[in-house]
1. Counting only residues that are open to solvent by 50 Å² or more (accessible area, probe 1.4 Å), over 14 Å from residue 174 (Cβ atoms) and not in a helix (DSSP H, G or I), how many does segment 90-128 have?
2. On the basis of being in contact with an Asp or Glu (Cβ under 9 Å, 6 or more places away or on another chain) and not small (Gly, Ala, Ser), does residue 74 make the cut?
3. Being closer than 21 Å to residue 15 by Cβ and modelled with pLDDT of 95 or more is true for just one of 44, 83, 57. Which residue is that?
4. Out of the residues in segment 58-82 meeting the condition of being without any contact (Cβ under 8 Å) to a residue 40 or more places away in the chain and part of a helix (DSSP H, G or I), tell me which one is most open to solvent (accessible area, probe 1.4 Å).
5. When you scan segment 158-173, do you find a residue that is at pLDDT below 90, surrounded by 12 or more Cβ atoms within 10 Å (Cβ to Cβ) and in contact with a Gly (Cβ under 7 Å, 6 or more places away or on another chain), even just one?
6. Examine segment 40-51 for a residue that is part of a helix (DSSP H, G or I) and in contact with a helix residue (DSSP H, G or I) (Cβ under 6 Å, 6 or more places away or on another chain), and state whether such a residue exists.
7. Among the residues of segment 129-150, is any within 19 Å of residue 171 (Cα to Cα), in a strand (DSSP E or B) and in contact (Cβ under 8 Å) with a residue 24 or more places away in the chain?
Amino acid sequence: ADDQTRRGLAAILAEAERAARIVRNLLTFARKRHTTRAMVDVNQVIRETLALRAYEQRLSNITIIDALASGLPQVFADPHQMQQVLLNLIINAEQAMISAHGRGTLILRTWHDPERNAVILEVNDDGPGVPEDVQPKIFDPFFTTKEVGKGTGLGLTVAYAIVQDHGGRLTMKS
């Protein structure tokens, strides 16, 4: 096959594997399973995840600003689960910004907090924010503000469970 066909097939394979991981994550949420953890470069996972969304972001007028700290310590994590968390946060942000003003700016920032011995990842968008009455419910299973057929209400629930399972914290500030 020619290069373009090979690239297309590689993308299809990568996305099929990602879909399989999503299903496994739902199963992990439903019943605890063992995950494959290793020492992971958080910034590398962020770059790879952003690469998956680059085409859609260009089409949707989403500008990405990454402020990724250099020299971060690696973290012990499942990189596929980390990517799933990031995809959930990024896609939610994109949808909020597009619905609010048809475009947006997404900022991803990392830094090391030596006092807590933690690597921090912040995902920030210029969308409309989360209404105060909705904020306590955003991590609840099947809670969604999206119209029927647009969301399952599991994305943030799964993301929250994955982060908790890794010994981290997922918080929201509007």
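The values are calculated or read from the model by the stated rules, or taken from the named source; none is laboratory data. Remember, predicted model here, so these are calculated numbers, not experimental data. Cβ: placed from backbone, ideal geometry, glycine included. Neighbour counts: every protein chain shown. SASA here: full protein model, heavy atoms, side chains in, ligands and nucleic acids out. Shrake-Rupley method; radii C 1.70, N 1.55, O 1.52, S 1.80 Å.
1. Qualifying residue count for the region: 10.
2. The answer is yes for residue 74.
3. The match here is 44.
4. Among residues in segment 58-82 that are without any contact (Cβ under 8 Å) to a residue 40 or more places away in the chain and part of a helix (DSSP H, G or I), the one most open to solvent (accessible area, probe 1.4 Å) is 58.
5. Taking every residue of segment 158-173 in turn, none turns out to be at pLDDT below 90, surrounded by 12 or more Cβ atoms within 10 Å (Cβ to Cβ) and in contact with a Gly (Cβ under 7 Å, 6 or more places away or on another chain).
6. yes
7. Within segment 129-150, not a single residue is within 19 Å of residue 171 (Cα to Cα), in a strand (DSSP E or B) and in contact (Cβ under 8 Å) with a residue 24 or more places away in the chain.
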